[in-house]
Each structure stands twice: as structure tokens, then as C-alpha cells.
């Protein structure tokens, strides 16, 4: 009996010391053939796609040469010969097409960034109003959603461009906001900061303040995640960053728009095309985000709210600490889709005449250079990159806030 136990133990030990290849299940002939067949099929598809791409490029180049048309990206260093009406960087007639591309890209990013932030805020407010216990508030929010989202975005653009902004008063009768900002049919005039010779120092101070705020918030959040009391060091960083930003901003000189002749001089002028484009994008997309917020809030079980009420939490705390954090997990995928749609819809700036990437690069630059293939490829790559960036950012946030199951 002892010998048999010893043999069994030795067998178990020999099995435990066996190689990983013996532990893994062995594939049969059919399974190995299926795996090899799948690899061959994928290789064939990739080869076919690569062959088609090569044939397409060769055919395009041959047709361009046969028609006597130039090809390549050397046009980006050629002089553009036109000036942009609105740009974040200086663009003169002597500027290159590469600089025009950069200016149009910055304009598109500016429109997209402002629209995404404002749309999210307005959409959240309307979405929460859709589930408000007050009947009048719910009806007003529902009316906004149903009217706005059932009209085409192009109609919104034309409405703001040809009806609302054109009905504003002239420059001499502009609507003033505290004698520092003015609104007329020529645009919105705002105060502009003037840094002077200390621009580099002020920029460094603002960046350092923002970095301190971010680091302080990260330190406090990680401490709370570990169940610890947030250190005073994190609070000191946040407070120091706020003080540094406030000090830097307070040292700026502000240039106030002043009426001189037929227009305002000085300050920052937002052209009517920019205002109409941003307003239409915000109002239109806010209706869809409101429905996303409403669906996310209603997806949270009633038991969560009842449990929070039993703990004595107020309605505001229940919404902020219980309902919205759980609803965000449901809202992230459709929000990413809506943000991507907003970025692509900003290309409608051509309709109202705002000089975005599509207008000045895919439009004016293409007509002047004739490099259709190159310009279309560059523009398509830009929008693909922006859309992919939104998808990656929202996916990372979704992984961060998802529930961890045991």
C-alpha cells in the first residue's frame, strides 16, 4: 500500500514538472489546417488590398502626367497670394500654403473646441431639465429638443447667418455690455489682453499655475481613492496654481474696443460667420446631448435614489454623487459619437464663409494649385486623426470609470 502511494505521488510530481507544451491541448490535423487556412486567407486579403493601392497610385500618377498636371507636396512651400479674414496666426498674401493649412486647421480646432465645451454644458442642463420633477421645466426642455433636432443643421446655419445676425443693429448702434464688449451686425467685439514685453514670463507663469493645479488635483484624487485624507500638499498646489494664474492675468493690460469711424478699433473682433457657425453647432448638438443625458440618468435604477434618500442626502447631492457618476458610464459611447459628428459638421463653415480648413485649404488652395489628390488626402487625414483622437480619449475615460467586477 505504501509503495502504491509512493508511485502515485511520484506520478503527480512528474506531471507537475512536465513542460508547458504537454499541458496545452494538442491541436488535431483539422484544427491545424483551419488555423493555417485562416492565416493564408488574411495574407491573401492584405496582398490584394496592397496591390489595389499600388495600382491606384500608379494610375493616378500616370493620368496626372498625361494631362500635364503637377503632383507632389512641394506646393506647401509656395506663396499662397491671399489673406485670411480671420486667423489665430498671421496670414499675409506672401504666406505659404503650408501656413494657410496651419491657420485653417487652428480655426477648425477653435470652432470644435468651443462648440464641444459649450454644447456639453448646455446639453447637460437641458438633459437634466428633461427629468426634472417640475412639469413646466420638462415641457420646455422637451419642446427645445423636439424643435431643434428635427431641423437640419444647414437650416440652423442659414437662420443664424441671414436672419438673426443680420437683424442686429449697426456698428454705431451696437449693443454694449458694460462699455467693454459690443455686439452688432458686423460681429462681436471683446477686450483683448496685451502682454507687452513680458509675454514669455506671463505665459510661463500661467503654464506653471495650470501644472500646479493639475498635479494638486491628481494627488488629492489618488489619496481619496486609497481611502486616505487628502494631504495639505495637494491643496497647497491647487491654491498656489490659482494664485499664480490670477496674478499673471491681473498684470495684463486689456485693450478695449473703441468706435472709430465706421467700425470699432482695438480689442478682439469675432466675425459674424464665426458667431453664426458656433451658435448653430452648439444649439443643434445640445439637443442630441440632452437626450443622451436624459437616457443616461433614467438608466440608473430607482433603488439608488431611494437608498441615497434613506441616508439623508439632499436632491443636489444625490444627483451629483449618485446619479450622474453612474449615468456617465452609459453616456460616454454616444457622447463620443456626437463629438465626432460635431467635428465633422464644423466643415459646414464653408456655407457661411468662415475660413476653416475646408474653406481655405480644400477650397481656395485647391482651386489655385490644382493639387486635388494631395489636398484631399491631407484634409481627410486631419479629420480622421481628430475623430480617432476623440474615440481614443473617450475610450480611455470609459475604461477608467467602468465598474470593476470580481
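The values are calculated or read from the model by the stated rules, or taken from the named source; none is laboratory data. This structure is a prediction, so every number in the text was calculated from the model and none was measured. Methodologically, a virtual Cβ is constructed for each residue, glycine included, from the backbone with ideal geometry; neighbour enumeration extends over all protein chains shown.
Laid out as a table, the results:
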read-out: Qualifying residue in the stretch 84-91 (condition: over 28 Å from residue 281 (Cα atoms) and loosely packed, with under 15 Cβ neighbours inside 10 Å); value: no
read-out: Flag if residue 167 is over 26 Å from the mean Cα position of the chain (by Cα), over 30 Å from residue 263 (Cα atoms) and in a loop (DSSP other than H, G, I, E, B); value: no
read-out: Residue under evaluation residue 334, criteria (1) crowded, with 16+ Cβ neighbours inside 10 Å; (2) closer than 29 Å to residue 80 by Cα, criterion not met; value: (2)
read-out: Residue 319, sole failed condition from (1) in a loop (DSSP other than H, G, I, E, B); (2) closer than 23 Å to residue 140 by Cβ; value: (1)
read-out: Those helices (runs of 4 or more DSSP H) lying entirely in the stretch 1-113 with at least 1 residues closer than 30 Å to residue 349 by Cβ, at pLDDT below 70 and in contact with a helix residue (DSSP H, G or I) (Cβ under 8 Å, 6 or more places away or on another chain); value: 29-66
read-out: Residue that is outside the structural domain of residue 57 (by TED's automatic domain parsing), surrounded by 16 or more Cβ atoms within 10 Å (Cβ to Cβ), over 16 Å from residue 109 (Cβ atoms) and in contact (Cβ under 8 Å) with a residue 60 or more places away in the chain, where the choices are 352, 382; value: 352
read-out: Total residues in the stretch 120-164, condition part of a helix (DSSP H, G or I), closer than 18 Å to residue 297 by Cα and within 27 Å of the chain's Cα centre (by Cα); value: 14
read-out: Unique residue being under 30 Å from residue 84 (Cα atoms) and outside any helix (DSSP H, G or I) when the list is 354, 381; value: 354
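A quick yes/no check of all residues on (1) at pLDDT 90 or above; (2) not assigned by TED's automatic domain parsing to the domain that holds residue 345:
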position	(1), (2)
121	yes, no
130	yes, no
150	yes, no
168	no, no
182	no, yes
192	no, yes
